[in-house]
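Visitor: One structure, as structure tokens, below. Some questions next.
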Amino acid sequence: MGAISVEDLQSEIANLRNRVDTLADRTPEKKPWYKEAATIISVAAFLFSFGTTLFSYKRANEQDIHNLKSELRGLLQRLVALPKENMEIYRKYGTDPSKVVLLAGYVNQENLLISKQASEIIKRLPNNEVSATDQYSVAMAFAASRNYSQAMTEMKNALAIASAASVLDDEVAALKTP
């Protein structure tokens, strides 16, 4: 390699500067992020996904509440039927006390089990989804099984709901129960 003159270096530098200026003129100005189509599409997709997730969560929560209320309704219907079955046992087997005691014991066990299940479901439901009648029915079932402390708790809840909802019949029923 031979000696390079200063003039050659200066011309080479000038040439490089011209090329850089030309490239700088060719690059378009960068747009703000909110004016980029890809960014707008990404944000829209994210918002749509977030919205569907919220809707799905709300729908699942409503479905859970509906399922709990349906289960509670079935349990309460069974609780209402148990005293009738107990009376039928006394009527049918009244002459055989050992059968009456055995069968009435089974009815009482079922009553206690179902009333505990109903009480747990009521605790899981939002307050505005539980009626005083529901609470009152569970309280009466606990009382029938001689679980008086739980019966009093349920009765107080029934009275609170009836008072808050201004349902006179439910409030009177809760107040007159010993």
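Just so it is clear, none of the values below were taken in a lab; they were calculated from the coordinates. All of these numbers come straight from a predicted model, not from anything done at the bench. Virtual Cβ from ideal backbone geometry, glycine too; neighbours counted across all protein chains shown.
Visitor: Could you tell me whether any residue of segment 127-141 is farther than 24 Å from Lys156 by Cα and out of contact with any Gly (no Cβ under 8 Å at 6 or more places or on another chain)?
Guide: Checking segment 127-141: not a single residue is farther than 24 Å from Lys156 by Cα and out of contact with any Gly (no Cβ under 8 Å at 6 or more places or on another chain).
Visitor: Sort out which residues of segment 79-117 are farther than 15 Å from Met140 by Cα and of a type in the set (Asp, Glu), and write them in order of number.
Guide: Within segment 79-117, Glu85, Glu88, Asp96 meet the criteria.
Visitor: In segment 124-148, what residues are of a type in the set (Lys, Arg) and without any contact (Cβ under 8 Å) to a residue 24 or more places away in the chain?
Guide: Arg146
Visitor: Do the conditions hold for Ile121, that is, is it in contact (Cβ under 8 Å) with a residue 40 or more places away in the chain and among the hydrophobic types (A, V, I, L, M, F, W, C)?
Guide: Yes; evaluated as a whole, the condition is true for this residue.
Visitor: Looking only at segment 64-77, decide whether some residue is in contact (Cβ under 8 Å) with a residue 60 or more places away in the chain, surrounded by 10 or more Cβ atoms within 10 Å (Cβ to Cβ) and of a type in the set (D, E, K, R).
Guide: There is at least one residue in segment 64-77 that is in contact (Cβ under 8 Å) with a residue 60 or more places away in the chain, surrounded by 10 or more Cβ atoms within 10 Å (Cβ to Cβ) and of a type in the set (D, E, K, R).
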